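J.: My questions will all concern the structure given below.
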Amino acid sequence: MPLFIKNSILYKLFDKCFIKPYNNSLLKKNLDKINNCFKQSFVFKSVERYLDKKPYFLNSFSYKIFRKFVKLIDKIMDFLHKAIKKALLGSNTFFELRSIKYDTKERNLLLISLLLNAFNFAYIIAGILLNTLNLYIAVVIMVVAFLISLFAKNKNCFKQSFIYKIFTSW
């Protein structure tokens, strides 16, 4: 334990009030005896032997097939990752996403648009899984995210919009 903790007032107080009395107490001595008895018991030794043994399934036929299936899926996913990465590196989407970090005013709106799209995607997946999807909400969120991204790219459109004029007139 670091010296600055050992020399602190709170640690010394905690040590005097709790640690030293517990170390010298009859409760600790009795708990140590119970612990030793339990470690020498049949139940503890059988559970320990059971937990330390080598699992049987490592040599099973079905486990080997499962491992080969997972390796095949892993290779397919690795191939897809490399192919998609190679395809996206030269795309306009990649350059747009990379340019977001250099644009200061556009960056905030585009980031909000990306976060709304991610939220919408999670909402759709959760709605499908839980069977509670409301398609109108998903479409509205998608349209709002699209409008925000348009406003981020075209500032004149944003400044000439009716809503912007209302808010600036207040």
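The values are calculated or read from the model by the stated rules, or taken from the named source; none is laboratory data. Computed from a prediction, not measured in an experiment: that's the story for all the values here. FYI the Cβ positions are ideal-geometry reconstructions off the backbone, even for glycines, and counts take in every protein chain you see. Heads up: the accessible areas ignore ligands, DNA and RNA and are worked out on the full protein's heavy atoms, side chains in. Shrake-Rupley method; radii C 1.70, N 1.55, O 1.52, S 1.80 Å.
J.: Which length gain, in nm to one decimal place, applies between I73 and S99 when the Cα-Cα distance is subtracted from 0.36 nm times their residue separation?
T.: 5.9 nm
J.: Now for a separate question. Could you work out the helix-only [θ] at 222 nm for the chain, with each DSSP H run of four or more residues adding -39,500 (n - 2.57) and the total divided by the number of residues, to the nearest 500 deg cm²/dmol?
T.: -25000 deg cm²/dmol
J.: K159: which lysines have alpha carbons under 20 Å from its alpha carbon, excluding same-chain residues fewer than 8 sequence positions away?
T.: K105
J.: If I stretch the segment between N30 and Y136 completely, what's the gain in nm (0.36 nm per residue apart, minus their alpha carbon distance), one decimal?
T.: Values: separation 106, 0.36 × 106 = 38.16 nm, distance 6.62 nm.
Length gained between N30 and Y136: 31.5 nm.
J.: Moving on to the next point. Among all stretches of the chain without exposed trypsin sites (Lys or Arg not before Pro) (DSSP loop, at most 12 other Cβ atoms within 10 Å), which one is longest?
T.: 102-170
J.: In whole angstrom, how far apart do the alpha carbon centroids of the range 15-78 and the range 116-140 sit?
T.: Distance between centres, Cα-based: 42 Å.
J.: To the nearest 20 debye, what charge dipole does the chain have about its Cα centre, counting +1 at the Cβ of each Lys and Arg and -1 at the Cβ of each Asp and Glu?
T.: Charge dipole, the chain, about its Cα centre: 740 debye, nearest 20.
J.: Please tell me the relative contact order of the chain in percent, rounded to the nearest whole number, where contacts are Cα pairs under 8 Å and at least six residues apart. Walk me through the numbers before you get to the answer.
T.: Values: 52 pairs, mean separation 21.2, N = 170.
That works out to 12 percent.
J.: Heads up, I need the accessible area for S91: 1.4 angstrom probe, whole protein in place, Å², nearest 10.
T.: About 30 Å², rounded to the nearest 10.
J.: Roughly speaking, what % of Cα-Cα pairs in the range 1-81 are separated by over 14 Å, rounded to a whole number? Write down the numbers at each step before the final one.
T.: Details: 2603 of 3240 pairs.
The proportion of pairs with Cα distances above 14 Å equals 80 percent.
J.: Further question on the same structure: Please report the orientation-averaged projected area of the chain, defined via the convex hull of its C-alpha atoms, in nm².
T.: Convex hull of Cα atoms, orientation-averaged projection: 24.8 nm².
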